[in-house]
Amino acid sequence: MNAMQRVEVDGPPPYAIRIGAGLLADGAGLAAPLRGRQALLVTDSHVAPLYADGVRAALLAERPDARVEAFVLPPGEAGKTLAAFGSVIDALATLGARRDACVYALGGGVVGDLAGFAAACWMRGIDCVQLPTTLLAMVDSSVGGKTAVDLPQGKNLVGAFHPPRAVVADTTTLRSLPDRELRAGLAEVVKYGAIADAPFLDWLCGHAGALLEREDAALAAAIARGCAHKAAIVGRDPLEHGERALLNFGHTFGHAIEAEQAYGGLNHGEAVAVGMVLAARLSARLGLAGEAGAGVLRRALERFGLPVEPPRGLDPAALLARMRLDKKAQADGLRFVLWDGPGRARVVAGVPEAEVLAVLRGS
Ligand code: NAD
Ligand code: GLY
């Protein structure tokens, strides 16, 4: 296994994802995408004390002519607001950012989505370099150009497609990530095996120890293989008119669980883990796939310490009501990403509610 990996994402515009240990200390690599002389390093208050000074120093060592300002957000989903977006815009205004300025988003998916959205809007769009520091951000949110903030009415309701100019994922940052966040990211890694790459599920199970021990080469290989799948899908369907929806495997069930627990129970990755098992069971109930695939998926998720059953006490009817409000529900009734077996996902419309309820009830 190679500890340094690179994945190309087809445009427009094309960009590279570089993955490996120590990349945040590589000033030349960080500075390469900086076209002008102004950079705003957006991060959060957990990540800033760990990595922001190092990134700023590495950038300035390569580009002493540049002005690099740091802007620190409060951490967590609760801070992914229009108000915080406004504060990043204010920081760009204070910097006097020109059209060739660059936003560097250093952090998890919250920082990446919010800073990316600010970059999308400032002067109708300036460059953004994603420097993801969670596994979820490395393997999913930093790639593909979705940027957004939340409203009280729902998650990610205001946003834009704004592909990054580059993505640099330094696997050593994952050493400081809380265990629960690492596992949440592993759920999204497993998702790529589930939707597009059945042998990857076996590979992940075979390397579970190394991944949970945060070995750089294993992490880089898993991230690169996941990113290669995401790159292929967003290359063909950048604006989610079709195939990109497959990336939401497990998410209709997962979002309903998160919302029903008022975002204070399972985290996103955990809820997606449960959701993927439920989607596999629903596929079996509808006769699309055999039961065995659901077992393979369940074992992979359990190997990473992820939950595979809905939390006790959730009302199936209330979860179903949440799913009716899901962005993917359309006039033709409930739509789910289901599978024909491991590695073969597809969107299915008009799924009967009674079948969904039966899966939620475990019957
Ligand atoms: P997050 O950004 O909230 O990070 C999780 C926690 O880990 C935070 O407390 C953060 O401060 C901390 N942290 C980050 N890196 C760390 C490190 N290296 N060491 C120690 N602590 C660290 O959450 P997340 O799971 O990375 O991202 C979730 C967000 O991503 C959601 O808002 C979701 O909507 C979004 N998302 C976007 C896309 C997309 O395509 N744009 C895809 C999936 C998810
Ligand atoms: N995370 C889903 C997507 O990028 O489309």
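Here are the numbers:
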| quantity | calculated |
| --- | --- |
| Crossing angle, helix 82-95 versus the chain [Cα axis fit, 0-90 degrees, rounded to tens] | 20 |
| For ASP197, residues with placed amide H under 5 Å, excluding near neighbours | GLY343 |
| At R0 = 41 Å, FRET efficiency that the Cβ-Cβ distance of GLU240 and ALA83 yields, to 0.05 | 0.90 |
| Potential extension, GLU302-ASP26 segment - 0.36 nm per residue separation minus Cα distance | 95.7 nm |
| GNM result for the chain, Cα springs below 10 Å: residue of ILE223, ILE89, ILE17 fluctuating most strongly | ILE89 |
| Per-residue HN-Hα couplings for region 294-308 [Karplus 6.51, -1.76, 1.60; θ = phi - 60°; Hz; x = Gly/Pro] | 4, x, 4, 5, 4, 5, 5, 5, 4, 4, 9, x, 9, x, 10 |
| Cubic angstrom per residue, convex hull over Cα atoms of region 168-273 | 113 |
| Ellipticity estimate at 222 nm from DSSP helix runs (n ≥ 4, -39,500 (n - 2.57)) divided over the chain, nearest 500 | -13000 deg cm²/dmol |
| Cα-based Rg of region 25-178 normalised by 2.2 N^0.38 Å, two decimals | 0.93 |
| Most fluctuating residue given options THR252, THR172, THR134, as computed from a GNM of the chain linking Cα atoms under 10 Å | THR172 |
| Debye log10 I(q)/I(0) for region 187-239, one point scatterer per Cα, at q = 0.23, 0.30 Å⁻¹ | -0.83, -1.20 |
| Rg/Rh (Cα only; Kirkwood hydrodynamic radius) as it applies to the chain | 0.97 |
| Average accessible surface area per residue within the chain, 1.4 Å rolling probe, Å² | 39 |
| Listed residues ALA318, GLY235, ALA294: farthest to the positive end of the dipole of region 204-363 (Cβ charges) | GLY235 |
| 19 Å cut-off, amide nitrogen to a point 7 angstrom out along ARG324 Cα→Cβ, residues in region 152-176 | 154 |
| Dipole of the chain [Lys/Arg +1, Asp/Glu -1 at C-beta], most positive-end residue of GLN38, ALA184, ALA120 | ALA120 |
| DSSP-defined beta bridges in region 68-194 - what % are antiparallel, rounded to 5 | 40 |
| Region 124-202 pair-distance distribution - Cα-Cα, 10 Å bins, rounded % | 17, 37, 38, 8, 0 |
| For PHE71, residues with placed amide H under 5 Å, excluding near neighbours | LEU41, VAL42, THR43 |
| Net length gained if the chain between ALA354 and ALA57 were fully extended (0.36 nm per residue, minus Cα distance) | 101.1 nm |
| Fraction in percent of alpha-carbon pairs per bin - 5 Å, region 86-151 | 4, 20, 31, 23, 15, 6, 1 |
| Highest-fluctuation residue, ALA218, ALA317, ALA118 considered, GNM on the chain with Cα pairs under 10 Å | ALA317 |
| Assigned charges on the beta-carbon of Lys, Arg, Asp, Glu; the chain dipole about Cα centre (debye) | 420 |
| Nearest-20 debye value, region 58-136 charge dipole, Cβ charges on Lys, Arg, Asp, Glu | 140 |
| If the convex hull is drawn through the Cα atoms of region 262-363, its volume per residue in Å³ | 104 |
| Within the accessible area of the chain (1.4 Å probe), percent carbon and sulfur | 53 |
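The values are calculated or read from the model by the stated rules, or taken from the named source; none is laboratory data. As the structure is a computational prediction, the values presented were derived from the model and not from experiment. Cβ sites come from the backbone with ideal geometry, for glycine too, and all protein chains shown count toward neighbours. Just the protein is used for accessible areas: all its heavy atoms, side chains included, with ligands, DNA and RNA removed. Shrake-Rupley method; radii C 1.70, N 1.55, O 1.52, S 1.80 Å.
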